[in-house]
Amino acid sequence: MPRRGKTPPDATPKLAPAEDTNQLSFDSRLARQPPRDAIPLTGTPAPSRVGSPPAGISPALPDARIFAVSELVRAARHVLESRFSDVRVEGELSGFKRSANGHLYFTLKDAEAQLDCVMYAREAGRLRFRLQDGQQVRCRGRLTIYEVRGRFQLSVHAIEPTGAGALALAFEQLKQKLAAEGLFAPERKRPLPFLPRRLGVVTSAQGAVIRDIVRVAHRRFPVPILLAPTPVQGEGAAAAIAAALAAIVKVPDVDVVIVARGGGSLEDLWAFNDEALARAIAACPIPVISAVGHETDFTIADFVADLRAPTPSAAAELAVPVAADLLAEVQLLGRRMGRALQGETRALRLRLERARAALGDPLRLIDLYRQALDDFAERAARALYAATARRRTDLRAAETRLYRLHPQRRIADQRAALTAAERRLVASGTSLLAHRRRSLEALAGKLDALSPLKVLDRGYSLARGPDGQVLRSCAGLGRGDDVTITLRDGDLRTRIEEILARRGS
């Protein structure tokens with residue numbers, strides 16, 4: 001930020017108010033004057049580049065010149081730029097877009113017309129606020145023609161919003177951005193230490209600010225003060241203030257830092273509206289007091305700091321307590337503590353007297369406890385004797401149960417039970433075996449009576465065909481088939497010579 005009244009050579013010139021310019025009132029006068037560097041529209045005829053005109057088309061006048069498109073557009077651009085090299089236009093911004101190279105393209109319009117505009121990256125980088133569709137702005141630049149497309153446009157050098165200055169708009173936009181990120185939230189504000197070991201000050205080494213802070217602070221309490229000198233306005237002031245803040249917090253015994261500057265215009269205080277400085281204050285590990293300008297001045301540093309002071313002197317008052325007040329408070333607390341100790345001592349002495357009265361003579365109390373101990377010993381002896389008698393009775397009962405459950409006694413009982421069971425098993429087996437033998441003999445008699453062998457003993461025989469099946473009929477047999485005939489004492493292999501059918505079959 002340049003110092004007030006000094007504009008660096010590369011800085012964007014301030015835009016003049018609308019009432020100071022009358023950029024469009026001289027159009028008719030300038031239109032009558034030929035531009036010095038414009039290409040003449042008439043003169044020595046140039047040879048035609050397209051040959052003879054076709055049939056039916058009149059040839060050009062002998063003194064008329066035929067232009068190439070690029071020549072004509074370039075001539076128009078020179079005329080336009082020479083007539084309107086520095087114009088100011090107000091309108092509503094629309095169609096805003098930013099190219100990958102940082103160039104800005106937008107349109108200025110009013111109720112009856114619109115104008116294409118371009119702002120190149122070198123000028124766009126100096127903007128102090130963000131452009132948005134719908135803003136009412138005042139642009140300064142020159143009218144020109146983009147030859148590649150033959151488009152009429154305004155090459156903008158500087159922009160400022162109408163109604164509010166560029167700095168005020170940039171201030172509000174940055175304030176809204178940081179507030180949305182929570183940098184102004186009260187819950188992140190830290191309380192100031194009661195009595196700092198050392199007070200850090202970030203301000204200019206020259207001027208009344210540091211003298212006021214030292215005078216007020218030492219008048220209240222002789223706390224050590226560490227100054228981090230830095231420029232507080234002009235180009236690079238914000239970065240210098242942030243660097244000074246980062247350096248001063250590295251001192252171990254600095255408990256609070258005052259970032260201060262005297263009053264001035266919005267341009268003078270603009271370094272304290274820098275986004276990088278605001279984030280440096282928010283990231284500071286110790287509490288920061290912002291004391292920039294007068295009571296009516298507000299900066300971004302005021303909102304992001306842990307505490308805002310209306311003036312640098314007020315910041316010193318907020319950071320350092322009054323030593324006389326502290327001494328008076330300490331004396332008051334000392335008197336109150338003395339009275340409290342006296343009252344507590346009296347209360348404890350009263351309690352001691354009451355306890356002594358309730359306790360009585362210690363020897364008498366000891367005799368009472370000795371007698372109580374004798375009674376307790378006698379009751380304990382009787383209880384021990386009774387418990388021993390009960391345990392002895394329980395032991396005898398356990399011995400009796402153990403004798404009854406002795407392994408030898410149980411083995412003898414189990415052996416007698418086993419012998420009786422063995423006798424019952426043998427008797428039951430013998431009876432069951434005789435019964436099964438009688439049943440088997442009866443079944444064997446029936447089987448013998450039904451056996452085919454008994455039939456063979458009576459003179460019958462059993463015939464089997466070639467497939468080993470018993471023959472019950474002559475059907476299915478033929479001459480030459482082998483037949484096996486079973487007799488009582490053997491088998492006969494025979495071959496059928498003839499089949500004689502039985503009568504009536």
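The values are calculated or read from the model by the stated rules, or taken from the named source; none is laboratory data. From a predicted model like this one, the values you see are computed outputs, not experimental measurements. Cβ coordinates were reconstructed from backbone atoms using ideal geometry, including for glycine residues, and neighbour counts include every protein chain displayed.
Assorted remarks:
- Selection within the stretch 225-248 - out of contact with any helix residue (DSSP H, G or I) (no Cβ under 8 Å at 6 or more places or on another chain) and surrounded by fewer than 18 Cβ atoms within 10 Å (Cβ to Cβ): 235, 236, 243, 247
Residues are listed down the side, and each one gets a yes or a no for (1) among the small types (Gly, Ala, Ser); (2) assigned to a helix (DSSP H, G or I); (3) over 30 Å from residue 491 (Cβ atoms):
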{"residue": "419", "(1), (2), (3)": "no, yes, yes"}
{"residue": "428", "(1), (2), (3)": "yes, yes, yes"}
{"residue": "432", "(1), (2), (3)": "no, yes, yes"}
{"residue": "438", "(1), (2), (3)": "no, yes, yes"}
{"residue": "463", "(1), (2), (3)": "yes, no, no"}
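- Residues (surrounded by 19 or more Cβ atoms within 10 Å (Cβ to Cβ) and either in a helix (DSSP H, G or I) or within 33 Å of the chain's Cα centre (by Cα) (or both)) located in the stretch 256-277: 256, 257, 270, 271, 272, 273, 274, 277
- Residue in the stretch 214-235 that is in contact (Cβ under 8 Å) with a residue 24 or more places away in the chain, at positive phi and assigned by TED's automatic domain parsing to the domain that holds residue 275 present: yes
- When the residues of the stretch 127-152 are filtered to those that are exposed (fewer than 15 other Cβ atoms within 10 Å of the Cβ) and under 22 Å from residue 173 (Cα atoms), the one that is farthest from the chain's Cα centre (by Cα) is 136.
- Of the strands (runs of 3 or more DSSP E) contained entirely in the stretch 96-179, those carrying at least 1 residues that are among the hydroxyl-bearing types (Ser, Thr, Tyr) and touching a helix residue (DSSP H, G or I) at 6+ places or on another chain (Cβ under 7 Å) fall at 136-146.
- Some residue of the stretch 439-455 being surrounded by 11 or more Cβ atoms within 10 Å (Cβ to Cβ) and either among the charged types (D, E, K, R) or under 60 Å from the mean Cα position of the chain (by Cα) (or both): yes
- Screening residue 205 on (1) touching a residue at least 40 places away in the same chain (Cβ under 8 Å); (2) more than 24 Å from residue 169 (Cα to Cα) shows it passes everything except condition (1).
- Extreme residue, farthest from residue 200 (Cα to Cα), among residues of the stretch 216-255 that are of a type in the set (D, E, K, R) and in a loop (DSSP other than H, G, I, E, B): 235
- Residue count, the stretch 301-352 (criterion: within 30 Å of residue 178 (Cβ to Cβ), acidic (Asp, Glu) and in a helix (DSSP H, G or I)): 2
- In the stretch 293-306, the condition of being closer than 19 Å to residue 225 by Cβ and either of a type in the set (S, T, N, Q) or at pLDDT 90 or above (or both) is met by at least one residue.
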